[in-house]
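Let me begin by presenting the structure, written as structure tokens, before commenting on it.
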Amino acid sequence: MKKEWKICIAPYKLAYSILFLLLFALVRGVTLTSEIGPALMPGVAVLASVFCAETSVMDRNGQRWEIICLKPEKNRIRMIYRRWIIQAVYLYVTALAAYFTFYWQKPYRMTERTFASEYGGYAAALAGTVLFWSLISVVISNLAKSQWAGIGVSVLLWITTNSTTGERLFGRYNLFAYSFCDSMGAKWNEWAYGTLIQILLSIVFLVLISIIEKRVSK
């Protein structure tokens, strides 16, 4: 596991992921604590897509690929899953911590919402976001054998859903329903529909990783 950590979470990835999330707290103004999660979520989605795009293709251009090809197919697939899990857990924990970097702005909390409600909602929505956006880039990258394809498709989907058009078309079923929950007048818990869709699609992606890897490795 330690070896996989060094491979899939290089120092430069640690640096840009932390700086990226810190930048949000510096340039994105918030007045209420309930605005912190919705402000962070689109950025976390982009970060997850870019961060995990090379999970299954990082060895193809290096000398490690010749060695990896000698491993049994099941071992290669397990390696991809293991690397993805390491990256997803890292992103989730880092984004959980990034929530508190906004407190330097001294936002105030609405009296009808407790900290447990706000932060718990953010943690739940964050899980769906990290799962979906990290896995879709892994699947597309592996299918196209290029991390740039994974990033490109993810960015196009991000632009479509994280927009007023996406909000109008999908409403509470939007992938970014959590970020739009206040603006579309929905109840606080209605963003759960969008998060549930992300989780269900993530399960499909987990199955596809194994299927695609078996085909592209032949």
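The values are calculated or read from the model by the stated rules, or taken from the named source; none is laboratory data. Source: prediction; values computed, not measured. Methodologically, a virtual Cβ is constructed for each residue, glycine included, from the backbone with ideal geometry; neighbour enumeration extends over all protein chains shown. These area figures cover heavy atoms from the full protein model, side chains too; ligands, DNA and RNA do not enter into them. Shrake-Rupley method; radii C 1.70, N 1.55, O 1.52, S 1.80 Å.
Checking the structure you have, find out if any residue of the stretch 132-139 is out of contact with any His (no Cβ under 7 Å at 6 or more places or on another chain) and open to solvent by 60 Å² or more (accessible area, probe 1.4 Å).
In the first step, residues of the stretch 132-139 are kept if they are out of contact with any His (no Cβ under 7 Å at 6 or more places or on another chain); the result is 132-139.
From what's left, open to solvent by 60 Å² or more (accessible area, probe 1.4 Å): none.
No, because not a single residue in the stretch 132-139 is out of contact with any His (no Cβ under 7 Å at 6 or more places or on another chain) and open to solvent by 60 Å² or more (accessible area, probe 1.4 Å).
Looking at the structure I just gave you, is residue 117 open to solvent by 20 Å² or more (accessible area, probe 1.4 Å), more than 22 Å from residue 37 (Cβ to Cβ) and polar (S, T, N, Q)?
Values: open to solvent by 20 Å² or more (accessible area, probe 1.4 Å): yes; more than 22 Å from residue 37 (Cβ to Cβ): no; polar (S, T, N, Q): yes.
For residue 117, the condition - open to solvent by 20 Å² or more (accessible area, probe 1.4 Å), more than 22 Å from residue 37 (Cβ to Cβ) and polar (S, T, N, Q) - is not met.
Please determine, by comparing only the residues of the stretch 95-118 that are touching a residue at least 12 places away in the same chain (Cβ under 8 Å) and outside any helix (DSSP H, G or I), which one is nearest to residue 19 (Cα to Cα).
107
Looking at the stretch 31-43, which of its residues are open to solvent by 10 Å² or more (accessible area, probe 1.4 Å) and closer than 19 Å to residue 162 by Cβ?
Initially, the stretch 31-43 is screened for residues open to solvent by 10 Å² or more (accessible area, probe 1.4 Å), giving 31-32, 35, 38, 42.
Of everything in the stretch 31-43, those that are open to solvent by 10 Å² or more (accessible area, probe 1.4 Å) and closer than 19 Å to residue 162 by Cβ turn out to be 35, 38, 42.
Results for (1) open to solvent by 10 Å² or more (accessible area, probe 1.4 Å); (2) among the charged types (D, E, K, R); (3) at pLDDT 90 or above, shown as yes or no for each residue.
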{"residue": "10", "(1), (2), (3)": "yes, no, no"}
{"residue": "18", "(1), (2), (3)": "yes, no, yes"}
{"residue": "29", "(1), (2), (3)": "yes, no, no"}
{"residue": "58", "(1), (2), (3)": "yes, no, no"}
{"residue": "63", "(1), (2), (3)": "yes, no, no"}
{"residue": "67", "(1), (2), (3)": "yes, no, no"}
{"residue": "73", "(1), (2), (3)": "yes, yes, no"}
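Please specify each residue of the stretch 166-218 satisfying the condition of being out of contact with any helix residue (DSSP H, G or I) (no Cβ under 9 Å at 6 or more places or on another chain), modelled with pLDDT under 85 and either of a type in the set (Gly, Ala, Ser) or under 17 Å from residue 84 (Cα atoms) (or both).
185
Take the stretch 153-175 and flag every residue that is open to solvent by 10 Å² or more (accessible area, probe 1.4 Å), assigned to a helix (DSSP H, G or I) and touching a residue at least 12 places away in the same chain (Cβ under 8 Å).
Passing the criteria: 153, 155, 157, 158, 167, 170, 171, 172, 173.
Could you tell me which of the residues 89, 46 is open to solvent by 20 Å² or more (accessible area, probe 1.4 Å), closer than 22 Å to residue 191 by Cβ and either modelled with pLDDT of 90 or more or in contact with a Lys or Arg (Cβ under 6 Å, 6 or more places away or on another chain) (or both)? Show your work before the answer.
Details: 89 fails: closer than 22 Å to residue 191 by Cβ.
Unique residue meeting the criteria: 46.
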